[in-house]
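Each remark here refers to the structure printed beneath this line.
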Protein chains: 2
Amino acid sequence: MYPKKVAQDTAKILQSYLTFQAVRTIIDQLSETNPTEAIWLSQYSSTHKVQDSDTYLEGLMLDRKELVLRIMTVRQHLAEQVLEFIPEMVRTGIEQENLQYRRQVLERLTQSQLSNSTSNSEENHSQE
Amino acid sequence: MYPKKVAQDTAKILQSYLTFQAVRTIIDQLSETNPTEAIWLSQYSSTHKVQDSDTYLEGLMLDRKELVLRIMTVRQHLAEQVLEFIPEMVRTGIEQENLQYRRQVLERLTQSQLSNSTSNSEENHSQE
């Protein structure tokens, strides 16, 4: 494992995801204040992947500089509001899921051992 | 904006991404210790999306319980190693990108104002 590389990749994914959430928020806001622009951004976002955030923002720079600035502002705002809670939320989520799957594995192993021992004891009975 | 919902969705995306990184790590490890199993997991992962982590892990529970436990362990280990650094890395990444795009917008605005004023002054000269 290369934790540093994993951390860098994870941070990149997260930054990209916050860009996506910022765009979604702005489309929501625009659909009330400027429906034409909301449709434009929505269509642009369906032909340009936000995940590929460099290309997405570069393209937007040509046509809609003011939207780039707005995405920057909303994304930073979102980041400030959510980032500090993320590590604890993910840690808890992983612990809960681990517990759930470990219990499932244990239950299935116990069941298969029980059914083995039952069939063994049945065999023993039939042999008596 | 609904920061709580955004935080929950972001944590889910991150948990899913760490599952993906855990699977990748395990395929790497297996390709040295058990190539047949590495190929099996690699093929399973190409037909089942890790992003849809519930379905992915449920399917794996039927065939390879021990792999589910291994993914749980590796993912938790990765989470412990990287999570604490993520908020700061994302914050820095966003600040740097914001700075870069704000500078670009400013440069383009200045250029277009400069070229406007140049063409204006040329017009004035030609009118003289």
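The values are calculated or read from the model by the stated rules, or taken from the named source; none is laboratory data. Quantities reported herein were computed from a predicted structural model and do not represent experimental measurements. A quick note on method: Cβ atoms are made from the backbone with ideal geometry, for glycine too, and the neighbour counts reach across all protein chains shown. Side chains included, ligands, DNA and RNA excluded: accessible areas come from the protein's heavy atoms. Shrake-Rupley method; radii C 1.70, N 1.55, O 1.52, S 1.80 Å.
Taking region B:1-36 as the range and being in contact (Cβ under 8 Å) with a residue 24 or more places away in the chain and open to solvent by less than 70 Å² (accessible area, probe 1.4 Å) as the test, the residues that pass are B:Leu14, B:Gln15, B:Ser16, B:Leu18, B:Thr19, B:Gln21, B:Ala22, B:Val23, B:Thr25, B:Ile26. Residues in region A:96-118 that are of a type in the set (Lys, Arg) and facing another protein chain (nearest Cβ under 10 Å): A:Arg102, A:Arg108.
For region B:37-56, the set of residues classified as open to solvent by 30 Å² or more (accessible area, probe 1.4 Å) and among the aromatic types (Phe, Trp, Tyr) consists of B:Trp40 only.
The rows are residues; the columns are (1) among the charged types (D, E, K, R); (2) surrounded by fewer than 20 Cβ atoms within 10 Å (Cβ to Cβ).
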{"site": "B:Arg75", "(1), (2)": "yes, no"}
{"site": "B:Val82", "(1), (2)": "no, no"}
{"site": "B:Leu99", "(1), (2)": "no, yes"}
{"site": "B:Arg102", "(1), (2)": "yes, yes"}
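One residue stands out in region A:104-115 among those that are hydrophobic (A, V, I, L, M, F, W, C) and surrounded by 11 or more Cβ atoms within 10 Å (Cβ to Cβ): the one that is modelled with the lowest pLDDT, namely A:Leu109.
Among the criteria (1) over 20 Å from the mean Cα position of the chain (by Cα); (2) open to solvent by less than 50 Å² (accessible area, probe 1.4 Å); (3) at pLDDT 95 or above, the one B:Gly93 does not fulfil is (1). Considering every residue within region A:26-46, establish whether at least one is at pLDDT below 95, acidic (Asp, Glu) and more than 27 Å from B:Thr25 (Cβ to Cβ). For region A:26-46, residues at pLDDT below 95, acidic (Asp, Glu) and more than 27 Å from B:Thr25 (Cβ to Cβ): absent.
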